[in-house]
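Notes for the one structure printed next.
The values are calculated or read from the model by the stated rules, or taken from the named source; none is laboratory data. Worth saying up front: this structure is predicted, and the values here are computed from it rather than measured. Cβ coordinates were reconstructed from backbone atoms using ideal geometry, including for glycine residues, and neighbour counts include every protein chain displayed.
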Amino acid sequence: MVFNTGAALLDAIVLAVVSNDPEGTYGYKITQEVRQVIELSESTLYPVLRRLQKDDCLEVFDLAIAGRNRRYYKLTKRGREQLKLYEEEWFQYSAKITGMFEGGVGNE
């Protein structure tokens with residue numbers, strides 16, 4: 001993709017992916033789902049997860065799966081609120097950009 005993905009957009013995408021599973025989801029699965037939308041390495045994802053945890057948007061817990069601990073991430077109340085804000089901002093922003101591409105903005 002030729003467009004850069006800024007920190008806020010990456011945060012929004014990760015929160016959206018985590019929100020799809022209310023019981024929580026693990027890092028590798030998050031990476032795979034995000035990669036369906038944008039190119040992303042695990043080394044990029046984990047700092048985002050840590051930042052979202054630090055900002056109280058994600059709750060983190062470990063579960064034993066097949067004898068190994070797996071770290072899970074789940075949205076907090078603040079995370080749901082932040083995701084809602086990102087969604088509102090995204091719809092406004094994307095509508096403006098689409099309008100520009102379609103010649104509707106500034107050509108009235």
For this session: Identify, from the list K96, K74, the residue that is of a type outside the set (A, V, I, L, M, F, W, C), assigned to a helix (DSSP H, G or I), at negative phi and without any contact (Cβ under 8 Å) to a residue 60 or more places away in the chain.
Result: K96
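If you take the residues of segment 74-94 that are among the aromatic types (F, W, Y) and more than 13 Å from D55 (Cβ to Cβ), which of them is surrounded by the most Cβ atoms within 10 Å (Cβ to Cβ)? If you could, list the steps in order and put the result at the bottom.
Our first condition is that a residue be among the aromatic types (F, W, Y); within segment 74-94, this holds for 86, 90-91, 93.
Next, from what is left, pick out any that are more than 13 Å from D55 (Cβ to Cβ): 90-91, 93.
On the way: W90: 15, F91: 10, Y93: 11.
Per the stated criteria, the residue is W90.
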Exercise. Residues of segment 1-57 being within 23 Å of E81 (Cα to Cα), among the acidic types (D, E) and touching a helix residue (DSSP H, G or I) at 6+ places or on another chain (Cβ under 9 Å), which ones?
Worked result: D11, D21, E33, D55, D56
Exercise. Given the residues L49, L63, L40, which is the only one that is assigned to a helix (DSSP H, G or I) and either out of contact with any strand residue (DSSP E or B) (no Cβ under 6 Å at 6 or more places or on another chain) or not hydroxyl-bearing (S, T, Y) (or both)?
Worked result: L49
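Report whether or not G6 is at positive phi, modelled with pLDDT under 95 and either over 12 Å from the mean Cα position of the chain (by Cα) or surrounded by fewer than 16 Cβ atoms within 10 Å (Cβ to Cβ) (or both). Working first, answer last.
Numbers: at positive phi: no; modelled with pLDDT under 95: yes; either over 12 Å from the mean Cα position of the chain (by Cα) or surrounded by fewer than 16 Cβ atoms within 10 Å (Cβ to Cβ) (or both): yes.
The answer is no for G6.
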